Amino acid sequence: MSKKWKNILGASVVLALVGSIVAVLGGVFLLYSFGRDLPDYKQLANYEPPVVSRIYAGDGSLLKEYAREKRLFVPISAIPPKVIQAFLSAEDQNFYSHIGIDFKGLLRAVLVNVKNVLTNRRPVGASTITQQVAKNFLLTSEVRFERKIKEAILSYRIEQAFTKDQILELYLNEIYLGQNSYGVAAAALNYFGKSLEELEVEEIAYLAALPKAPSNYHPVRKYAAAVGRRDWVLGRMEIEGFITEEEKRAGIEQPLVAVTSGQARTFQANYFAEDVRRELKKTYGDDELYGGGLAVRTSLSPSLQTIAERELSQGLVVYDRRHGWRGPVGKMDIFAAPYENWKVDFLKRDTPLGNNSWQLAVVLEVLDDQAIIATKDTLSKTDSYNQLPIEYISLDETKWARKWLPGERKGPQVKSVAEVLAQGDVIAVEALESDETGFIGAPYSLQQIPSINGALVAMDPHTGRVLAMVGGYDFKNSEYNRASQAKRQPGSAFKPFVYSVALENGFTPSSLVLDAPFVIDQGFGLGKWKPRNSSSKFYGPSTLRLGIEKSRNLMTVRLAQNLKMDKVVEVADRFGITKDMPDLLSMSLGAGETTLLDLTAAYGMLVNGGKRIEPALIDRIQDRRGKTIFSHDDRACENCVADQWNYQAVPELPDQREEVLDKVTAYQVVSMLEGVVQRGTGVRIRALRRPLAGKTGTTDESFDTWFVGFSPDLVVGVFVGFDAPRSLGNGEEGSSVAVPIFRDFMADALKDENTTPFRIPEGVRLVRVDPVTGQLAQTGAKNTILEAFRQGSFPNKDNQVLDGLNSLVQTKTKLRTGTGGIY
């Protein structure tokens with residue numbers, strides 16, 4: 001070799017060495033420059049992703065999910081192998097062999113992208129799963145060269161610090177898959193309504209097709225693209241050896257059927273669930289509620305909740321129809337525009353109609369004896385006006401719809417459908433199975449959304465667990481919970497607690513109180529207060545039992561005046577009905593405000609023997625790891641956990657409930673309230689032929705109507721009234737409005753339960769007495785009752801009568817007279 005060529009070769013070697021050194025130094029500088037300010041990847045070891053909190057009913061039914069990112073965290077050990085294999089096939093087939101960067105995949109992507117550029121196709125990526133973890137957890141999604149360098153550096157570091165399974169666990173629980181689904185478990189529920197274990201291979205392949213661009217593969221709007229991408233994943237799984245060719249072909253033949261709502265199946269109890277949400281927010285805060293993965297088991301009974309919603313809705317509708325027709329929910333000019341135009345406008349209407357089978361309809365034509373209508377369901381399926389099938393409302397179905405008049409009065413009788421409906425009216429209707437008119441077409445009844453509202457609460461009287469709660473006619477129309485948020489006057493429903501004070505202070509159910517006019521001076525410039533009975537009549541001396549059965553106001557006021565109002569104020573506070581109640585005599589008639597939830601709990605304390613309970617919606621709360629962080633029943637039970645039964649005795653849990661009322665007094669009140677159902681203002685309930693008790697409540701001018709009652713093991717409260725308080729109308733009371741709702745609820749709720757009598761505690765003596773005089777019944781006397789007396793007490797032999805002049809003085813077992821007080 002000549003000297004010239006030797007020099008050239010030497011120079012080339014030197015240049016190559018220098019170039020290599022420069023490249024190495026450049027690479028080192030590049031790694032140093034981009035690697036020095038990177039986020040701390042070690043934080044991933046302590047990463048807890050935001051996880052959806054779920055609210056469950058008492059039977060395990062899902063009620064609600066709360067999350068900013070809808071994610072269910074599943075450890076890698078619990079993720080089915082097929083799910084892992086599908087994502088590896090679609091996203092990173094060399095995952096278990098590369099160091100965070102797949103150089104072979106990168107080279108392949110470069111070659112493919114050169115071809116794609118020449119053919120105007122979209123470039124493909126080459127990010128590994130580790131790189132996606134680095135980007136999603138530690139970097140932004142901006143498409144820049146610097147970010148890709150940082151991503152590669154972080155990926156290498158992550159691979160050195162974590163196992164492959166740890167990285168895969170982070171990825172499969174963090175990745176966004178559309179439909180507000182974060183992680184594979186949430187996606188499985190939202191797309192298919194299934195857990196990961198329940199997914200078929202073609203469904204798994206579809207989920208694995210989504211990471212690149214979920215919106216491009218929507219199962220309905222982009223069906224063809226979605227199926228194509230799914231089939232591509234199935235093909236990749238076969239190539240990688242994860243499924244057989246037969247499994248691939250079987251999967252490809254299956255249609256893509258997804259739950260398009262993107263919502264898990266839930267039981268609807270919106271008022272209840274919203275109260276639970278408020279309680280969780282108050283206790284744990286927004287971050288824990290919307291990202292802490294709480295599992296909340298509530299006290300709700302879906303079966304009782306279903307009955308409660310149906311009967312409250314029906315009761316409000318029945319009352320509303322009694323008071324006439326207020327007009328349609330809207331109007332349309334159906335002939336001012338083409339059919340297609342007004343049809344679209346009509347179908348856009350979203351008027352909440354309540355928990356029923358009603359739907360919106362528009363009136364097309366009105367005759368004297370019928371109205372031709374088109375329902376929303378029919379219009380949505382019909383392209384031409386001339387193709388509309390005949391649907392109608394007959395005159396018989398509009399006769400209830402007499403014109404509403406102020407004061408909840410009604411106009412004259414309806415003699416023609418045209419007096420009620422007009423062309424273009426938008427109305428609520430319900431399909432009828434048949435009618436007797438003989439008209440051609442499908443018959444419907446005219447309905448009206450009630451203007452009145454109400455609430456119903458059902459509770460376990462022994463624990464305070466709320467089993468059902470409906471806070472209004474329609475949650476979509478109003479989220480205001482009239483069971484827990486509305487403070488209204490309970491009226492006569494408060495009287496049992498006044499009578500309980502009397503029984504605590506020496507009175508018996510047979511004690512006589514004068515029912516006669518009562519006048520008291522309220523003070524300078526305030527005039528005189530003259531309470532009256534609802535009948536505006538006076539009945540003379542009457543027993544306590546009769547006073548509560550017939551809801552006598554004048555007797556109750558005299559009783560409260562004798563007992564002193566400070567004792568009535570104390571009992572209202574003791575039972576949790578009203579705090580800081582003014583010590584005014586009117587408060588004894590229920591003028592103080594309370595909620596239906598609190599009053600129902602107070603009645604529960606009567607029937608459970610005088611033990612304190614607090615309304616409770618939540619049984620147990622567990623954190624994301626399954627640790628119980630709250631339990632409603634926190635009693636310790638040392639012998640409750642046993643490996644097996646060796647004929648040991650059943651463990652007995654201590655009763656830690658505070659006593660708020662003596663058990664004998666509690667039973668005496670229960671017995672008197674049973675008389676309300678048998679002979680008093682709640683007599684409509686007697687038809688159920690069950691041991692039931694309770695009390696009506698009606699405030700002045702019938703602004704509020706109540707019934708709170710119970711069986712031995714279920715206490716139920718009903719409230720009905722206008723949100724902006726006004727009279728329910730002449731003759732409307734708790735007995736006509738709230739009692740039927742209670743009765744119909746109990747009829748269904750208890751239909752499969754054994755008949756259980758009210759439990760009589762020790763210390764009670766049942767004596768047969770005359771219900772009018774309260775005296776011992778004579779031998780052979782008719783129309784007698786068994787009265788509950790405390791051991792050692794007896795009916796009043798002297799016919800002493802409390803006249804309200806504060807003349808009774810308490811002794812241990814009997815009453816004696818003061819000056820001028822007894823007649």
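For Tyr480 paired with Phe794, estimate the spin-label separation in nm (one decimal), with each label point 7 Å from Cα along the Cα-to-Cβ line.
The answer from the label model is 5.7 nm.
From the P(r) of the stretch 353-490, could you give the percentage of C-alpha pairs in the tail past 20 Å? The partial results should precede the final answer.
Details: 5533 of 9453 pairs.
Result for the distance tail: 59 percent.
Among the chymotrypsin sites (Phe, Trp or Tyr not before Pro) in the stretch 431-540, which ones are in a DSSP loop with at most 11 other Cβ atoms within 10 Å of the Cβ? Mind listing them? List each step's numbers first, then the result.
On the way: sites: Phe439, Tyr444, Tyr473, Phe475, Tyr480, Phe494, Phe497, Tyr499, Phe507, Phe518, Phe524, Trp529, Phe538, Tyr539; in loops: Phe439, Tyr473, Phe475, Tyr480, Phe507, Phe518, Phe524, Phe538, Tyr539.
Passing sites in the stretch 431-540 are Phe524.
With every protein chain present, what accessible area does Glu247 have (1.4 Å probe, heavy atoms only), rounded to the nearest 10 Å²?
We get 80 Å² for Glu247.
Projected area of the stretch 391-434, taken from the Cα convex hull and averaged over every viewing direction, in nm²? List each step's numbers first, then the result.
On the way: hull surface 15.6 nm².
Averaging across all directions leaves 3.9 nm² for the Cα convex hull.
Give the separation of the Cα centroids, the stretch 172-201 to the stretch 676-727, in Å.
What the calculation gives is 48 Å, centre to centre.
When a/c is below 1.5 the answer is rounded, else prolate if a/b is larger than b/c, else oblate, so apply that to the stretch 472-525 with a ≥ b ≥ c taken from the square roots of the Cα gyration tensor eigenvalues.
Numbers: a/c = 3.52, a/b = 1.82, b/c = 1.94.
Note, shape of the stretch 472-525 comes out oblate.
Give the share of C-alpha pairs in each 5 angstrom bin for the stretch 413-566, from 0 to the last occupied bin, in whole percents, shortest bins first.
Per 5 Å bin, starting at 0, the Cα pair percentages come out as 2, 6, 10, 11, 10, 9, 10, 10, 9, 7, 7, 5, 2, 1, 0.
For Lys579, go through the aspartates and glutamates and keep the ones whose alpha-carbon is under 17 Å away, minus same-chain ones fewer than eight residues off.
The qualifying aspartates and glutamates are Asp566, Glu570, Glu593, Asp598, Glu614.
May I ask you to work out the translational diffusion coefficient for the stretch 522-664 at 10 °C, viscosity 1.306 mPa s, via Stokes-Einstein with Rh from the Kirkwood sum over Cα pairs, reported in whole µm²/s? Provide the component values of the computation, followed by the final result.
Values: Rh = 19.4 Å.
Result for D is 82 µm²/s.
Need one number for the stretch 645-761: average projected area of the convex hull over its C-alpha atoms, nm². Could you put the intermediate results ahead of the total?
Working: hull surface 42.9 nm².
In nm², the orientation-averaged hull projection of the stretch 645-761 is 10.7.
Just tell me which aspartates and glutamates come within less than 20 Å, Cα to Cα, of Lys530; anything on the same chain fewer than 8 places away is out.
Within reach: Asp515, Asp521, Asp583, Asp700, Glu701, Asp803.
If amide H atoms are built 1.01 Å from N in the plane of the peptide, which residues on other chains or at least 5 residues away come under 5 Å of the amide H of Ile373?
Leu364, Glu391, Tyr392, Ile393
Counting other C-beta atoms within 10 Å, and keeping those with at most 11, which DSSP coil GluC sites (Glu not before Pro) do you find in the stretch 596-659? Present the calculation step by step, with values, prior to reporting the outcome.
Values: sites: Glu638, Glu652, Glu658, Glu659; in loops: Glu638, Glu652, Glu658.
Of the GluC sites (Glu not before Pro), the ones in loops of the stretch 596-659 whose Cβ has at most 11 other Cβ atoms within 10 Å are Glu638, Glu652, Glu658.
Beyond 26 Å between alpha-carbons counts as too far, so tell me which of Lys64/Lys376; Lys64/Lys695; Lys194/Lys476; Lys70/Lys194; Lys282/Lys663 fall in that bin. Spell out each step's value before the answer.
Values: Lys64/Lys376 29 Å; Lys64/Lys695 35 Å; Lys194/Lys476 28 Å; Lys70/Lys194 15 Å; Lys282/Lys663 35 Å.
Pairs exceeding 26 Å: Lys64/Lys376; Lys64/Lys695; Lys194/Lys476; Lys282/Lys663.
Return the Cα extents of the stretch 497-560 along principal axes one, two and three, sorted largest first, each rounded to a whole Å.
38, 25, 16
How far is it, in nm, from the label point at Thr382 to the one at Leu653 when both lie 7 Å from their Cα along the line to the Cβ?
Result for the modelled spin labels: 5.9 nm.
Just check the stretch 729-786 against the gyration tensor rule for me: Cα atoms, a ≥ b ≥ c as the square roots of the eigenvalues, rounded for a/c under 1.5, and otherwise prolate or oblate depending on whether a/b exceeds b/c. Let's see the in-between values first.
Working: a/c = 2.90, a/b = 1.46, b/c = 1.99.
Cα axes put the stretch 729-786 in the oblate bin.
Could you give the spread of the C-alpha atoms of the stretch 653-692 along their three principal axes, from largest to smallest, in whole angstroms?
38, 20, 11
Select from Gly472, Pro531, Pro490 the residue farthest towards the positive end of the dipole of the stretch 459-566; place +1 on Cβ of Lys and Arg, -1 on Cβ of Asp and Glu, and compute about the Cα centre.
Of the listed residues, the answer is Pro531.
When you have a sec, figure out the Kirkwood radius of the stretch 266-339 from all distinct Cα pair distances and drop it here in Å to one decimal? Present the calculation step by step, with values, prior to reporting the outcome.
Details: mean 1/r = 0.0599 Å⁻¹.
Kirkwood radius, the stretch 266-339: 16.7 Å.
Please work out the Kirkwood hydrodynamic radius for the stretch 168-300, using every pair of different C-alpha atoms, and report it in angstroms with one decimal place. Please list the in-between numbers first.
Numbers: mean 1/r = 0.0601 Å⁻¹.
Computed over the stretch 168-300, the radius equals 16.6 Å.
Loop only per DSSP, at most 11 neighbouring Cβ atoms within 10 Å: give me the trypsin sites (Lys or Arg not before Pro) in the stretch 646-744, ordered by residue number.
Working: sites: Arg657, Lys663, Arg679, Arg684, Arg686, Arg689, Lys695, Arg726, Arg743; in loops: Arg657, Arg689, Arg726.
Loop-located and lightly packed - Arg689.
Quick one: dipole size for the stretch 181-266, taken about the Cα centre, charges +1 on Lys/Arg Cβ and -1 on Asp/Glu Cβ, in debye to the nearest 20.
Values: 10 positive and 12 negative charges, 118 e Å.
Roughly 560 debye for the stretch 181-266.
Alpha carbon centre of the stretch 244-302 versus the stretch 601-618: separation in Å?
32 Å
The values are calculated or read from the model by the stated rules, or taken from the named source; none is laboratory data. Because the structure is a prediction, the values reported are computed rather than measured. Every residue, glycine among them, receives a Cβ derived from its backbone with ideal geometry; neighbour counts consider all protein chains shown. All accessible areas refer to the heavy atoms of the entire protein, side chains included, with ligands and DNA or RNA removed. Shrake-Rupley method; radii C 1.70, N 1.55, O 1.52, S 1.80 Å.
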